[in-house]
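A quick write-up on the structure given underneath.
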Amino acid sequence: MRGSTTRGAAILALALLGSGMASAQVWRSDQGDGSYRNPVLFADYPDPDIIRVGSDYYFVTTTFANAPGLTLLKSKDLVNWRIFSHVVPRLDDRPEYRLDGGKDAYRRGLFAASLRYHDGTFYIAVTPVGQNTRIYRARAPQGPWTMNELDRAAFDPGLFIEGDGTGYIATSIGADGTIRLLKLDPAFRRIVDDRKVHYNAGAEGSKIICRGDFYYLFNAIPRRLGLTVSRARSLYGPWETRPQIDDRSGGHQGALVDTADGKWVGFVMLDAGSIGRTTNISPIFWQDDWPVWGTPDAPDRVPARAAKPVAGYPFAEPAASDDFSARQLGGQWQWNHNPDDSRWSLSARPGFLRLRPTQADNLWRARNTLVQKAQGPRSRAEVKLDIRHVAAGDRCGFGTFGQYSATLSVTRNDRGAASLTMDVLESTEKGPVVDRRMAATPFAGAALWIALDLDFTTDRGRLSYSGDGVRWQAAGGQFPLAFAWRTGTFQGEQMALSCFNARPGNGYLDVDSFTLSAPPADTPRSK
């Protein structure tokens, strides 16, 4: 689960842009000629677990304190993915999940889930930080999902289901490398056996598959950002271990999934700098019943480009842009913690997202910050806002959210005059530190456009604003982008709409639209 801030994948991916097909998309993995390039998801989708059900592939990813939680994506070919659903509408009603009493759940919550399917039912095992392991189940991936809690916490639980329906969880417990195998009762509601089965120094993120006469146990080794595989003829061992790949050769924390025609494909996450953990997939071939990443001509590394594992399916991507005309928020959106549903609406003004300010002194402590994943390697997001009803003391705006949260906000004074400010909030071990980058600048007009330019090849961002969506004014200079698991959100930089006030407020912000695109060709690179 843990990782570094290496930028290698992002830089490599940017170099490949010149050789790929022309596209208006921010990033396009499917090359349209039967091949794909890595990463297949150039955004923060950490701790992947992927399964095949018939001809469909499902992908579950870590969401931490964001709500709704445990995002599911769906694909037909392992390359083109769409956000399909979320398993957990809201996290438990604990104070830290609603930013109550000065507590927060950044870097905690739901992570490293394991997804499996057996006999018509989908199962997910996940261990919320500080709580016992849970088993979610549903007859259909869109839910509804029901949950039962086990009697202990299994770190990074790796769910495995035998052909006869017997369920197991592999776990490194305290991430010391001691792998234990927890056997479940037939209903997957109780642990009926708990045994140490293996030791793999520093291992976590266990995942088990079965092929032929062998079971294969994959483990991430965070201290070297690597992946190992162990094999045995019995789940209880003895296990023999070999190294696989690492971040220099393609990624860590992952496993294999089979295709309907009998091929095997590897998937891993790659620590790619401030964008977060991106997703790579790789052909797999076998030597002496051991999996080898890559191809026989280029073994032991994830290729930058390869033939699509399943041919014939068109380009698809997770949703991003939004005109807020739907009755529900799109799957690309999440709240920074459980939202206060009385402070936002899609129905108060159809076609707009209405955000009423929550009470907070700064962005880090504010509920109802609406986020979605930033996209690499370079992207531009524009929002159109109706600011007529922003009231005195409200701070409503748009920017980034993460280790560095840069926000261009609109507020009003007691006389009703609007002004813009730009702040960069840095999350530190001692708490959030705010750097005012642009002093209060008068702004006249009912509509405000804000643009956010993000360059993940240089880890720099910029904000600008406009009164007509055509003529733009820079705001506050460049700011840093970063990924930090100790002090940030443990996620790549996110794009965020926010509205808060230090006092109870009755104003509101109406968001007309959000548009994500590749930056214009004449946009200078941040340095």
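The values are calculated or read from the model by the stated rules, or taken from the named source; none is laboratory data. What you are looking at is a predicted structure, and each value in this text was computed from that prediction instead of being measured. Note that each Cβ is placed from the backbone with ideal geometry, even for glycine, and that neighbours are counted across all protein chains shown. To get the accessible areas, we keep the full protein, side chains included, count just its heavy atoms, and leave off ligands, DNA and RNA. Shrake-Rupley method; radii C 1.70, N 1.55, O 1.52, S 1.80 Å.
Figures for the structure shown
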read-out	value
Wholly within region 98-165, strands (runs of 3 or more DSSP E) carrying at least 2 residues that are open to solvent by 40 Å² or more (accessible area, probe 1.4 Å), of a type outside the set (Gly, Ala, Ser) and farther than 15 Å from ARG190 by Cα	114-118
Residue match in region 372-379 (condition: touching a helix residue (DSSP H, G or I) at 6+ places or on another chain (Cβ under 6 Å), open to solvent by 30 Å² or more (accessible area, probe 1.4 Å) and outside any strand (DSSP E or B))	no
Whichever residue in region 409-440 is hydroxyl-bearing (Ser, Thr, Tyr) and under 28 Å from the mean Cα position of the chain (by Cα) and, among such residues, is surrounded by the fewest Cβ atoms within 10 Å (Cβ to Cβ)	THR428
Any hit, region 217-224, residues being crowded, with 16+ Cβ neighbours inside 10 Å and more than 27 Å from THR63 (Cβ to Cβ)	no
Region 334-371, subset among the hydroxyl-bearing types (Ser, Thr, Tyr) and outside any loop (DSSP other than H, G, I, E, B), residue farthest from VAL410 (Cα to Cα)	SER342
Unmet criterion (only one of (1) in contact with a strand residue (DSSP E or B) (Cβ under 7 Å, 6 or more places away or on another chain); (2) over 15 Å from GLN375 (Cβ atoms)) for GLY312	(1)
Residues of region 483-500 satisfying the condition of being among the hydroxyl-bearing types (Ser, Thr, Tyr), out of contact with any Gly (no Cβ under 7 Å at 6 or more places or on another chain) and buried (at least 22 other Cβ atoms within 10 Å of the Cβ)	none
Count - residues of region 42-87 that are closer than 18 Å to LEU159 by Cα, among the aliphatic types (A, V, I, L, M) and either modelled with pLDDT under 95 or within 17 Å of the chain's Cα centre (by Cα) (or both)	5
Residues being crowded, with 21+ Cβ neighbours inside 10 Å, assigned to a strand (DSSP E or B) and out of contact with any Ser or Thr (no Cβ under 7 Å at 6 or more places or on another chain) - total across region 76-97	2
Failed condition for SER464, given (1) surrounded by fewer than 21 Cβ atoms within 10 Å (Cβ to Cβ); (2) at positive phi; (3) among the small types (Gly, Ala, Ser)	(2)
The one condition in (1) over 21 Å from GLY467 (Cβ atoms); (2) in contact (Cβ under 8 Å) with a residue 40 or more places away in the chain; (3) crowded, with 21+ Cβ neighbours inside 10 Å that TRP344 fails to fulfil	(2)
Any hit, region 422-430, residues being at pLDDT below 95, under 20 Å from THR489 (Cα atoms) and not polar (S, T, N, Q)	yes
Some residue of region 234-255 being of a type in the set (A, V, I, L, M), assigned to a strand (DSSP E or B) and surrounded by fewer than 24 Cβ atoms within 10 Å (Cβ to Cβ)	no
Residue list for region 444-468, restricted to those being of a type in the set (Val, Ile, Thr) and in contact with a helix residue (DSSP H, G or I) (Cβ under 9 Å, 6 or more places away or on another chain)	THR457
Cβ pairs under 7 Å, 6+ apart, first in region 147-173 and modelled with pLDDT under 95, second open to solvent by 50 Å² or more (accessible area, probe 1.4 Å) and charged (D, E, K, R)	ILE173/ARG180
Single unsatisfied condition, ALA298 versus (1) surrounded by fewer than 23 Cβ atoms within 10 Å (Cβ to Cβ); (2) closer than 26 Å to SER75 by Cα	(2)
Qualifying residues in region 496-527 (those that are of a type in the set (Ser, Thr, Tyr) and modelled with pLDDT of 95 or more) - the one nearest to SER345 (Cα to Cα)	TYR508
Long-range neighbours under 6 Å by Cβ, at least six apart or interchain, first residue without any contact (Cβ under 8 Å) to a residue 60 or more places away in the chain within region 93-105, second part of a helix (DSSP H, G or I)	GLY101/PRO95; LYS103/PRO95; LYS103/GLU96
Number of positions in region 38-74 that are touching a strand residue (DSSP E or B) at 6+ places or on another chain (Cβ under 7 Å), buried (at least 24 other Cβ atoms within 10 Å of the Cβ) and among the small types (Gly, Ala, Ser)	2
Complete set of residues in region 442-453 that are open to solvent by 40 Å² or more (accessible area, probe 1.4 Å) and part of a strand (DSSP E or B)	PRO442, TRP449
Residue check for ALA201: at pLDDT below 95, out of contact with any Lys or Arg (no Cβ under 6 Å at 6 or more places or on another chain) and open to solvent by less than 50 Å² (accessible area, probe 1.4 Å)	yes
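To keep it simple, each residue is scored yes or no on (1) in a strand (DSSP E or B); (2) surrounded by fewer than 16 Cβ atoms within 10 Å (Cβ to Cβ); (3) of a type in the set (A, V, I, L, M).
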{"site": "ILE281", "(1), (2), (3)": "yes, no, yes"}
{"site": "TRP286", "(1), (2), (3)": "yes, yes, no"}
{"site": "TRP293", "(1), (2), (3)": "yes, no, no"}
{"site": "VAL302", "(1), (2), (3)": "no, no, yes"}
{"site": "VAL310", "(1), (2), (3)": "no, no, yes"}
{"site": "PRO314", "(1), (2), (3)": "no, yes, no"}
{"site": "PRO318", "(1), (2), (3)": "no, no, no"}
{"site": "PHE324", "(1), (2), (3)": "no, no, no"}
